[in-house]
1. How charged is the neighbourhood of V78? Take every other residue with its Cβ under 15 Å from the Cβ of V78, and add Lys/Arg as +1 and Asp/Glu as -1.
2. Over 5 Å intervals from 0, what percent of Cα-Cα pairs in segment 164-205 sits in each interval?
3. Considering Cα pairs under 8 angstrom that are at least six residues apart, work out the relative contact order of the chain and quote it in whole percent.
4. I want the local charge near N46. Using Cβ-Cβ distances under 14 Å, sum +1 for each Lys or Arg and -1 for each Asp or Glu among the other residues.
5. On the Cα set of segment 5-95, report Rg and Dmax in Å, please.
6. For the chain, what is the accessible area per residue in Å² when the probe is 1.4 Å?
7. Over the Cα atoms of segment 74-135, Rg to Rh with Kirkwood Rh, two decimal places?
8. When the Karplus curve 6.51 cos²θ - 1.76 cosθ + 1.60 is applied with θ = phi - 60°, which whole-Hz ³J(HN,Hα) does each residue of segment 165-177 get, with x for Gly and Pro?
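The values are calculated or read from the model by the stated rules, or taken from the named source; none is laboratory data. Just so it is clear, the structure is predicted and the values come from calculations on it, not from any experiment. Cβ atoms come from the backbone with ideal geometry, glycine included; neighbour counts cover every protein chain shown. To get the accessible areas, we keep the full protein, side chains included, count just its heavy atoms, and leave off ligands, DNA and RNA. Shrake-Rupley method; radii C 1.70, N 1.55, O 1.52, S 1.80 Å.
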Amino acid sequence: MPREVKTKIAILISGRGSNMLALADAVSEGRVSEAEITIVISDQANAAGLAHAQSRNLKTIEVERRGRSRDEHDRELVAVLQEHQIDFVCLAGYMRLLSAHFLSAYQNRILNIHPSLLPAFPGLDAQKQALEHGVKFSGCTVHFIDEILDGGPIIAQRIVPVLDDDTEETLAARILEEEHKLYSEALALVASGAYEIVGRRVVRK
Ligand code: GRF
């Protein structure tokens with residue numbers, strides 16, 4: 001029987017928000033039955049994802065950077081998250097590093113999706129890095145955020161092949177399709193609480 005009290009999720013975006021929509025669909029279709037998407041927050045007022053979120057009747061909030069320091073901006077973000085009693089934060093194309101204050105307020109409660117098989121190709125342009133390196137397989141990773149860029153404990157990964165005629169765009173599109181499935185599977189695990197973090201390993205309980 002589903003639990004009555006849902007795990008409250010905030011999704012942070014900066015851009016088009018396709019992973020945010022995939023998560024919203026997974027929740028509304030009952031594939032992440034123990035979670036609710038409480039808010040979608042963007043640091044960019046013009047993020048295309050905001051309109052998509054509103055079209056799904058999700059509550060949206062803009063917490064704009066407005067030239068503020070990372071710390072000032074994150075203090076406002078954390079206040080909004082706490083006001084909404086958010087349990088877990090999902091970064092979905094959120095293009096800003098997090099401050100120490102944010103990390104400590106939500107330690108092991110912030111998830112991110114990255115378009116490579118971490119620890120390979122962290123940072124920007126992961127698909128370009130994969131092509132330039134010549135790997136035959138890449139993929140995507142959902143991980144907890146810690147103080148190391150794209151370096152926290154790995155929750156789930158999925159592999160995709162790199163084809164000889166791939167461009168950055170075709171590879172990114174193949175990876176994105178898998179991202180949309182992987183993120184909701186990872187969120188379902190986290191929202192269920194049926195895992196523990198042992199050293200760097202996220203293992204099922
Ligand atoms: C995705 O490729 C994600 O892995 C990366 O940024 C992109 C965001 O895409 N972190 P979208 O905004 O979810 O469509």
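1. Residues near V78 contribute 0 overall.
2. Pairs per bin, as whole percents: 5, 19, 18, 15, 13, 11, 10, 7, 1.
3. With pairs under 8 Å counted, the relative contact order is 20 percent.
4. Overall, the nearby charge balance is 0.
5. Rg then Dmax for segment 5-95, in Å: 12.6, 39.
6. 50
7. Working: Rg = 14.5 Å, Rh = 13.3 Å.
Rounded to two decimals, Rg over Rh is 1.09.
8. 9, 5, 10, 4, 5, 5, 5, 4, 5, 5, 5, 4, 4
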